[in-house]
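Only one structure is covered here, and it is reproduced in the block below.
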Amino acid sequence: MRTIWLTGAEWLAVLRIGLGLWWLESWRHKDRKGWFERGTGIAWAADVAAKHRWTAVRSGFDRIVAPRPQAMAYIVVYAELALGLGLITGFLTPVALIGGLVLNLLYLVLMIHDWAEQGQNAMMALVSLVALLAMSWQTWSLDSALGLFL
């Protein structure tokens, strides 16, 4: 494979790190006080789920998220932080890529009616998939330095 400036493996690492920065920004701009103290994030998601066209989304939200809004707020917010840090440092990269892919697909399904939001989730899911299948942790990563996921 011919590339400009970096090798193909290095460009994949750039893609992985960029995705990590995207997750870190998602975490950074969250109003954590609102999410944790006032429950704004889960309340917003509950409103979206209640109006969702798919019954499975409404019932799944009611069964899994609604009974534990505080825990789910922490899970969502700190999952985004963990994904960002894992992808930037390249630590447990396949786990982070699969976790991010799942989270983006959940966001995609929840927001199926809002195509403005879908571009970000679709692109992040695509980058996750490419970075996973191309084993982007082979370069510039703690995984590579530690001999993980060879």
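The values are calculated or read from the model by the stated rules, or taken from the named source; none is laboratory data. As the structure is a computational prediction, the values presented were derived from the model and not from experiment. Because the Cβ atoms are built from the backbone with ideal geometry, glycine has one as well, and the counts that use them run over all protein chains shown. Surface areas here come from the heavy atoms of the whole protein model, side chains and all, with no ligands, DNA or RNA. Shrake-Rupley method; radii C 1.70, N 1.55, O 1.52, S 1.80 Å.
Computed quantities for the displayed model
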{"quantity": "Residue within segment 142-149 that is in a helix (DSSP H, G or I) and crowded, with 18+ Cβ neighbours inside 10 Å present", "calculated": "yes"}
{"quantity": "Counted residues, segment 106-141 - those being over 14 Å from the mean Cα position of the chain (by Cα), small (Gly, Ala, Ser) and part of a helix (DSSP H, G or I)", "calculated": "2"}
{"quantity": "Segment 10-24 - residue that is touching a residue at least 24 places away in the same chain (Cβ under 8 Å) and surrounded by fewer than 17 Cβ atoms within 10 Å (Cβ to Cβ) and, of those, farthest from GLY99 (Cα to Cα)", "calculated": "GLU10"}
{"quantity": "Qualifying residue in segment 82-99 (condition: part of a helix (DSSP H, G or I), surrounded by 12 or more Cβ atoms within 10 Å (Cβ to Cβ) and among the hydroxyl-bearing types (Ser, Thr, Tyr))", "calculated": "yes"}
{"quantity": "Residue tally, condition more than 17 Å from TRP54 (Cβ to Cβ) and in contact with an Asp or Glu (Cβ under 8 Å, 6 or more places away or on another chain), over segment 103-150", "calculated": "5"}
{"quantity": "Residue satisfying all of: in segment 63-81; under 14 Å from the mean Cα position of the chain (by Cα) and of a type in the set (Val, Ile, Thr); least open to solvent (accessible area, probe 1.4 Å) among these", "calculated": "VAL77"}
{"quantity": "Pick from segment 113-127, criterion open to solvent by less than 30 Å² (accessible area, probe 1.4 Å) and either at pLDDT below 90 or not β-branched (Val, Ile, Thr) (or both), ranking: farthest from ILE75 (Cα to Cα)", "calculated": "GLN118"}
{"quantity": "Residue check, ARG53 in a loop (DSSP other than H, G, I, E, B) and at pLDDT below 95", "calculated": "yes"}
{"quantity": "Condition met for ASP62 (modelled with pLDDT of 95 or more, more than 28 Å from PHE149 (Cα to Cα) and either among the charged types (D, E, K, R) or not in a helix (DSSP H, G or I) (or both))", "calculated": "yes"}
